[in-house]
Amino acid sequence: MNPTLFDMNGRVALVTGASSGLGAHFARVLADAGARVVAAARRTERLRELVDGIRQAGGEAVAVTMDVTDGDSVKAGFDAAEQAFGTVDVVINNAGVADARLFLTTDEESWDFVVDTNLKAAWRVAHEGAARMVEAKLPGSIVNVASMLGLGVQVGQSLYATSKAGVVQLTKSMALELMRYDIRVNALCPGYFETEMNRDYFASEKGQAYIRSSIPSRRLGQLPELSGPLLLLASGAGSFVNGVALPVDGGHLVHSL
């Protein structure tokens, strides 16, 4: 195998929602692969810790403040990225929120909170990134972080599942139109991975029961298990992979009726 297959040297990668969880992990993985990383989020103090860690490990990274629900903030974040490293040619569209509740208890406020952040903001960031790549005549890659719930459903997750299904369809539409500019667009669809947001629940008796009864592997995913799939979609290793929604869920979606 070519040892440089997943090499990200010379690439500028912007990761949204990089202050914790999957986003922070993705930023580290891309930096380790050689990319210059732009870590974007609202919580700048957490970003500084992340960037310091990447630099101490020998990587290149910069923190930018970005609220993905605000168009001016997104533009300013891309401007800051360009000032630091040049045009962003890899976008990891990771920022997202959840609001678990039964359908009949949802309301317009909860709809706006979830859909505006998970779908409209994903469109906003992808649109800004793609437009700049096209203007600079640069090939690139956009990875929209969806979810296995964009491909299936679960009780109590109607808003989240709908927003992530929208991300999957947005991904396919973008892939169809942007490949002519040599910009690939794919969706990464994680199952349940342990993060600071869900750690307490999955450590509880109810969470442990769910893992045993509903996840075929009978365990949560570990963040390093997302590293290879991410790099496949982001790097030249996936140069002919376009418009896919890749589940990384331990077979959770493949369940017996």
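Just so you know, all these numbers are worked out from the coordinates, no wet-lab data involved. Predicted, not measured: the structure shown is a model, and the values here were computed from it. Reconstructed Cβ throughout: ideal geometry from the backbone, glycine too, with neighbour counts over all protein chains shown.
For the range 160-239, how big is the tail of P(r) above 19 Å, as a whole percent of Cα pairs?
Values: 1711 of 3160 pairs.
Result: 54 percent of Cα pairs exceed 19 Å.
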Going fewest to most other Cβ atoms within 10 Å around each Cβ, THR69, THR105, THR4, THR16 line up as THR105, THR4, THR69, THR16
Counting all Cα-Cα pairs in the range 120-257, those more than 27 Å apart amount in percent to 26
In vacuo Debye sum over C-alpha of the range 14-113, base-10 log of normalised intensity I(q)/I(0) at q = 0.22, 0.23, 0.24 Å⁻¹, listed in q order, is -1.05, -1.13, -1.21
Taking the chain as the reference, fit the longest principal axis to its C-alpha atoms, fit the long axis of helix 71-85 to the helix C-alpha atoms, and give the angle between the two in degrees, 0 to 90, nearest 10.
50
Treating the angle as unsigned and between 0 and 90°, give the value, to the nearest 10°, between the Cα long axis of helix 158-178 and the longest Cα principal axis of the chain.
30
Viscosity 1.002 mPa s, temperature 20 °C: Stokes-Einstein D of the range 81-147 from its Kirkwood Cα radius, in µm² per second?
158
If each K or R counts +1 and each D or E counts -1, the residues other than LYS137 whose Cβ falls under 15 Å of its Cβ total -2
Give me the Debye-computed log₁₀ of I(q)/I(0) at q = 0.21, 0.27, 0.28 Å⁻¹ for the range 1-65, equal point scatterers on Cα only, no solvent, two decimals.
-0.71, -1.09, -1.15
If eta is 1.002 mPa s and T is 20 °C, what Stokes-Einstein diffusion coefficient results for the chain, Kirkwood Rh from Cα pairs, in µm²/s?
116
Distance violations [Cα-Cα > 28 Å] among LYS75/LYS164; LYS137/LYS172; LYS137/LYS164:
LYS137/LYS164
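GLU194: net charge of surrounding residues, Cβ under 13 Å, Lys/Arg +1, Asp/Glu -1, itself excluded? Please list the in-between numbers first.
On the way: positive: ARG199, ARG219; negative: GLU196, ASP200, GLU225.
That works out to -1.
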For the range 107-127 versus the range 154-172, the gap between their alpha-carbon centres in whole angstrom:
11
Helix 21-32 sits off the longest principal axis of the Cα atoms of the chain, rounded to the nearest 10 on a 0 to 90 degree scale, by 30
Label point at THR106 placed 7 Å out along Cα→Cβ; residues across the range 164-184 whose backbone nitrogen lies under 12 Å:
164-166
